[in-house]
Every structure is written in structure tokens, then in C-alpha cells.
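Some notes on the structure that comes next.
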Amino acid sequence: MDAIEILKQLKDQGVRFTPQRQAILEYLLETKTHPTAEEVYHHVKAKFPGVSLGTIYNTLNMLKEHGYILELSYGDMSSRFDGNAKNHYHVVCLNCGKVVDFHRPLIEMESEVAEKFGFEITGERLEFYGICPDCRRKN
Ligand SMILES: [Zn+2]
Ligand SMILES: [Zn+2]
């Protein structure tokens, strides 16, 4: 889904979008880096110097609550935000915090879990942790 479509859907639900909020959404949809709220702030600030960190946080929360983005929390590291809310998986570097997407359908595992535990599965979260190539080179 692109920004225009999301804006249209939110407008139908009575959510008002300022140009700043739109810039936040567009950045999340285009970037693959899973930025923190701070990183979103620095990016949007370059274009809209008047934007506040508060606007960043409440826009991120609103988009998350409406299911358009994901918040990935990692213990003591800052949460990362993902403009791709569809099921996919992450490979996380424990050293620098880099988060990389991994796309592979896990349908078989889902039906196995559904059968074994009698659940209706509506989502899943699978993550791989390790040390990324950049960090491995530095060590
Ligand atoms: Zn790393
Ligand atoms: Zn992702």
C-alpha cells in the first residue's frame, strides 16, 4: 500500500494529516532500515525544521494502532519502526542493532502450530539474532 492510499483510508476514519505527518509515513514506507523514532525525527526535521519529537511519537503510535506500521521492541535498545506491516521476519545484529528483512512464508509451521495447540493463528513474530557482517569485520 502506498502513502496516498493509507492517507485516504485514514481520512475516511477522520484522521487528519499534516504535511509533517505525511512525511513521517512516506519515510517509513520508503526506508528499509527499520529506523528508531529518533532517526525518523532527524530525517523529517531536515525537511520540516519545526517538527517536534512529540509529533513523531504520536504519529508513529497512530499508524501502529491502525495497523499500517510495526513497532519492533528489543529490550533495552530503542524500538524500531517498520513501514511494512505484512508478515515478514527480521535478522537482528546484537552489536549495532541493524535490522534486516527476511521474506519466507512460514505457512507450514503456522498450520503445524494451529493443529498442535488448537489455535487460530493470526500472526507470528520470528527473529534471528546474531552479529552482522560489518560488525564481524570490525572484530
Ligand atoms: Zn552489526
Ligand atoms: Zn521489516
### Local electrostatic count, Glu110, Cβ distance below 13 Å [Lys/Arg +1, Asp/Glu -1]
-2
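What is the extension gain from Glu115 to Met77, computed as 0.36 nm multiplied by their sequence separation minus the C-alpha to C-alpha distance, in nm to one decimal? It would help to have the intermediate numbers written out before the result.
Numbers: separation 38, 0.36 × 38 = 13.68 nm, distance 3.50 nm.
That pair, Glu115 and Met77, stretches by 10.2 nm at full extension.
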### Task
Work out how much length Thr18 to Ile4 would gain on full extension: take 0.36 nm times their residue separation and subtract the Cα-Cα distance, in nm to one decimal.
3.7 nm
### Separation in nanometres of the label points that stand 7 Å from Cα toward Cβ, at Val100 and Arg136
0.9
### Task
Name the residue, out of Glu115, Glu39, Glu127, whose mean-square fluctuation peaks in a Gaussian network model built on the chain with Cα pairs under 10 Å.
Glu115
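For Val113, Val99, what's the fewest-to-most ordering of other Cβ within 10 Å of each Cβ?
Ascending Cβ contact count within 10 Å gives the list Val113, Val99.
What's the FRET efficiency of Lys45 with Asn84 using the Cβ-Cβ distance as r and R₀ = 22 Å, to the nearest 0.05? Intermediate results must be reported in sequence, preceding the final value.
On the way: r = 23 Å, r/R0 = 1.06.
The pair Lys45/Asn84 has a calculated efficiency of 0.40.
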### Proximal aspartates and glutamates relative to Lys8, as straight alpha-carbon distance under 19 Å, when same-chain residues fewer than 8 apart are discounted
Glu26, Glu30, Glu65
### Task
When a/c is below 1.5 the answer is rounded, else prolate if a/b is larger than b/c, else oblate, so apply that to region 78-139 with a ≥ b ≥ c taken from the square roots of the Cα gyration tensor eigenvalues.
prolate
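Relative to the present Cα-Cα distance, how much length would full extension add between Thr31 and Tyr57 at 0.36 nm per residue of separation?
Numbers: separation 26, 0.36 × 26 = 9.36 nm, distance 1.76 nm.
Fully extending the segment from Thr31 to Tyr57 adds 7.6 nm.
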### Task
Provide the descending list of Cα extents for region 1-85 along its principal axes, expressed in whole angstroms.
37, 28, 20
### Summary
Of Thr59, Thr18, Thr122, the most mobile residue in a GNM of the chain (C-alpha springs, cutoff 10 Å) is Thr122
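Every read-out reported here was derived from the displayed coordinates using simple, explicitly stated rules and does not represent laboratory data. Nothing here was measured: the structure is a model prediction, and the numbers come from that model. Every residue, glycine among them, receives a Cβ derived from its backbone with ideal geometry; neighbour counts consider all protein chains shown.
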